[in-house]
Amino acid sequence: MITCFVLDDEPHAIEVLTHYIAQTPYLTLIGTGQNPLEVLPRLNEEAPDLLFTDINMPGLSGIELVKSLRSRTKIILCSAHTEFAAEGFELEVIDYLLKPIRFPRFVQAAQRAFNSIGTPNLQHPIPLEEDYIYIKTEQKGKLHKINLVDIEYIEGRRNYVALHYNDHVIMALLNMKDLEERLPSRHFIRIHKSHIVPIRFITGIEGNIIHLKDNSVKFVLGDTYKQAFIEKMQTKLML
């Protein structure tokens, strides 16, 4: 689990994030606070994996607090204003959430935190059968859960990606690079600018042609991704 702390001088903002964290299986809340000067020593002592912090607070701003942290705690900034975004990202924060924070946007930030932090309290990664992602659909405010084990392949289509799973297709307004970074590299590999495939579904390699599943699906291996693909496959090569 990723341990989280929420810092905000507004009780309602804390309530919202507390509720969102409770709905996210890989996050666990270990504390909240409203006064940054009082919270800073605790953060340095307990070193939570992830801190959600407001920026405009009395005594010490969120930006100043982040600069004062001695721990390796990752940061997600939360603010009703956009003017601090550039300074925030100079501090290498994971994300910048604009208030009022909606749950789909929170999930996106949480997934970025998961990809950055992983699961520090687990000795082994989550099994593929138990791992999943949420995809924002065309219907406003609706998220679609997809189990990673069900993904057959992913196809880039201009500004969208098409996720093929269980003989279904869902379209999502994402780009291939972001999705590639969020998927576990031990299970998925990008073979072309337009294709990401599950390694376990690769059934054969014929020159630059990649065969999937029962050989009914074939993709071309792009030159840009060839070297990384070969290196990955060599770990399974028997001569």
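The values are calculated or read from the model by the stated rules, or taken from the named source; none is laboratory data. Since this is a predicted model, take the numbers as computed values, not measurements. Glycine gets a Cβ as well: all are built from the backbone with ideal geometry, and neighbour counts include every protein chain shown.
With respect to (1) part of a loop (DSSP other than H, G, I, E, B); (2) at pLDDT 90 or above; (3) out of contact with any Ser or Thr (no Cβ under 8 Å at 6 or more places or on another chain), the lone exception for residue 72 is condition (2). With respect to residue 182, is the statement that it is within 18 Å of residue 132 (Cα to Cα), touching a residue at least 60 places away in the same chain (Cβ under 8 Å), touching a strand residue (DSSP E or B) at 6+ places or on another chain (Cβ under 8 Å) and not assigned by TED's automatic domain parsing to the domain that holds residue 108 true? Answer is yes for this residue. Of the listed requirements (1) surrounded by 13 or more Cβ atoms within 10 Å (Cβ to Cβ); (2) closer than 22 Å to residue 46 by Cβ; (3) not aliphatic (A, V, I, L, M), residue 102 misses just one: (2).
Among the criteria (1) surrounded by fewer than 16 Cβ atoms within 10 Å (Cβ to Cβ); (2) in a helix (DSSP H, G or I); (3) at pLDDT 85 or above, the one residue 178 does not fulfil is (3).
Considering the conditions (1) crowded, with 19+ Cβ neighbours inside 10 Å; (2) more than 19 Å from residue 12 (Cα to Cα), residue 26 is excluded by exactly one of them, (1).
All conditions but one from (1) outside any loop (DSSP other than H, G, I, E, B); (2) surrounded by fewer than 16 Cβ atoms within 10 Å (Cβ to Cβ); (3) modelled with pLDDT of 80 or more apply to residue 92; the one that does not is (1).
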